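The values are calculated or read from the model by the stated rules, or taken from the named source; none is laboratory data. Bear in mind the structure is a predicted one, so any value in this text is a computation, not a measurement. Note that we place each Cβ from the backbone using ideal geometry, even for glycine, and neighbour counts take in every protein chain shown. The area values use the complete protein model at the heavy-atom level, side chains included, leaving out ligands, DNA and RNA. Shrake-Rupley method; radii C 1.70, N 1.55, O 1.52, S 1.80 Å.
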Amino acid sequence: MRKIRDLLPISGTALALWVWSNRDDVVEWAAFGVRSAQKLATGETDDIKIEGRLRASLLGDKRTRHAAGLSLKVHDGIAIVSGIVSPEVRDVTLAIANRTDGVRGVDDRLEETRRRGPELGPA
């Protein structure tokens, strides 16, 4: 049997640095894995499939791939999106969620960061 080091041509240090720099994504995917295992035990596979499709779609879009603060869950076919994100990320996330196969609705709990622009002082 081949060792993991034979399959992954990176050092343990490089892997640890990658995990640290992508820790938010790693935590989100780990939480998804735990929820999936719990739902599989009860036979609820539809939400797992929908959430997996939605997560893959969000990873496939460069605007949402590393969006800090973006969280999602799927419950009874409803995509629950939350966090504090830029207006562009919010718009793209909602569009992707609405067109994802299996999503029956979107519970938008996203908050927008302020739009950047000139500060308006007193007139």
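Annotations for the structure displayed:
One line per residue, one yes/no per condition, for (1) modelled with pLDDT under 95; (2) in a helix (DSSP H, G or I); (3) at negative phi:
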residue: 38; (1), (2), (3): yes, yes, yes
residue: 56; (1), (2), (3): yes, yes, yes
residue: 62; (1), (2), (3): yes, no, yes
residue: 67; (1), (2), (3): yes, no, yes
residue: 79; (1), (2), (3): no, no, yes
residue: 88; (1), (2), (3): yes, yes, yes
residue: 106; (1), (2), (3): no, no, yes
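- Residues located in the range 34-86, provided they are of a type in the set (S, T, N, Q) and without any contact (Cβ under 8 Å) to a residue 12 or more places away in the chain: 38, 42, 45
- Of all the residues in the range 85-108, those that are closer than 16 Å to residue 63 by Cα, surrounded by 15 or more Cβ atoms within 10 Å (Cβ to Cβ) and of a type in the set (A, V, I, L, M) number 6.
- Residues of the range 43-54 satisfying the condition of being open to solvent by 90 Å² or more (accessible area, probe 1.4 Å) and either modelled with pLDDT under 90 or hydrophobic (A, V, I, L, M, F, W, C) (or both): none
- Residue in the range 27-42 that is least open to solvent (accessible area, probe 1.4 Å), counting only those that are among the aliphatic types (A, V, I, L, M) and within 20 Å of residue 79 (Cα to Cα): 31
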